[in-house]
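One structure below.
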Amino acid sequence: MSVELIASAVALGMAALLLVWLSLVMAAAEGAVSRVTKSSLNNLVLGLQTDGELSQFSRMKRIDKVHRVQGLIVDRHATTGSCAFFRVLCNIMTGVLVSSMAGLLRLPVWADLVSGFVFSLLVAVISVKARPRFNGARKPLDIMLRHARAVALAVALTPFARPSKAERGGAGRDDDLSDDEELEKIQIEQGRVMVDQLVEAGAFDPEISEMLNSVLTLSTTLTREIMVPRTDMICIGQETPLASALKLFSRSGFSRIPVIGEDVDDLKGILYLKDVVKAIAFEPEAEDRVAGSMARKAVLVPESKPVDDLFHSMQRTRHHLAIVVDEYGGIAGLVTIEDAIEQIVGELEDEHDRIQHDEPQRIGEHTWKLPARTPIAELEDIFEIDIDEDDVDTVYGLLTKLLGSVPIVGSSAVTRGLKLTAADAAGRRKKIATIIVEPAGGPDQREKTEADGTGLDEAQA
């Protein structure tokens, strides 16, 4: 056998090994490209620009790598397709090269085929053991920076790997989402699938699964979705005496109430129950002080803030209540840290919440105790009257309409000869649970009793 043939066989063997390495690189990049975010690359550039230990040459060289990766993730679908194409091509070519090398050594034809097949099988085993995609998913940024040139060359040589707009739409891509938003959506879906798989495997019960799924959606849930709207806020006027404020605290069941001026948008701060109690307990004359003099500065959050950011912010600053503002700077509602927790653990109810689901109860000859959710039609049947209110459906809604504000315990109003009185509140938000209905003094008498010292048009559920 001539030296030339041996040299050619060795060259083919080296080329086959190089293709095996390139196949593993493409597989790792294929797993990494879908997990590198634009924000992480921007942060890396900022860090390199402010690193005083790097020379100008090293800094520019590393920043150039980052820019190359930024170009690759502009179209993740095209980059992933190019990596997949070259990975398959390399696997095919390794078998071809080994078969050719066996042919140069003048082995029988069957030996050429067997050698190519065995080497391809060996490469497949190595790929499984090395798990390049797993490594790419675990350290995506490092993988992409290390092999940016090879991946960029693969993308440049495979323009046909770029998917068409129709193919992207068929894959379920939302054109309204940015690239990073789409990536986050995909990762959340992958997390849900993983949680479901753990439940099926018996790793934990379905309740834990529901909590984990709730955690995954915190970043996509906005504050406006969990807040108490402004129409359900109980506020207190800044000129209200502390004695009246203490009564409002007691009747509403809240420990923090917004202080306002002329209207809800004229926010002055937050009044704390413990501040009022402390002032009155040690200074009896403090009862004549006004609520505005003791209001603390309110924490404002935008209604578009994700719930996970809201929760961490309130936890870090140790604030349990924040005022939500809309895009125009107006008051949209309020939110508490318990509202964020409920997104994870579900609705928080206490031992009194069951009365909200009870049946109407007769407590006197002409007096009934009705759950707040009782339909008006049922109230009409009990007292054999026609209330004729089309814009509200429940007894609670009727009382709210008559009062012009959200009722608190003790609030009452009269309509069609019936007196409706808010009896008690239940739940974490202290929403009225039961309403006492009884005959009033006159058939069409109508009156309204407001909370002591509030003089408000808004209330808080």
Cut-off 13 Å between beta-carbons: net charge of the residues surrounding His147, Lys and Arg +1, Asp and Glu -1: +4
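How long are the three semi-axes of the equivalent ellipsoid for the stretch 107-155, computed from the Cα gyration tensor as the root of 5 times each eigenvalue, in whole Å, largest first?
32, 15, 6
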Violating pairs (Cα-Cα greater than 22 angstrom) within the set Lys38/Lys65; Lys247/Lys274; Lys274/Lys305; Lys274/Lys297; Lys305/Lys431: Lys274/Lys305; Lys305/Lys431
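How would you rank Ile126, Ile344, going from fewest to most other Cβ atoms within 10 Å of each one's own Cβ? If you can, show how the numbers build up before the last one.
On the way: Ile126 13, Ile344 17.
The fewest-first ordering by Cβ neighbours comes to Ile126, Ile344.
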Calculated from backbone phi, Karplus (6.51, -1.76, 1.60) coupling profile of the stretch 149-157 in Hz, x at Gly/Pro: 5, 5, 5, 4, 5, 4, 5, 5, 7
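For each of Tyr272, Tyr328, Tyr396, count neighbouring Cβ atoms within 10 Å of the residue's Cβ, then give the residues from fewest to most.
Working: Tyr272 17, Tyr328 7, Tyr396 25.
So the ranking, lowest neighbour count to highest, is Tyr328, Tyr272, Tyr396.
Bear in mind these aren't lab numbers, they're just calculated from the coordinates by the rules spelled out. Quick caveat, the model's predicted, so the values are computed rather than measured. Counting neighbours? That spans all protein chains shown, and the Cβs are built from the backbone with ideal geometry, glycine included.
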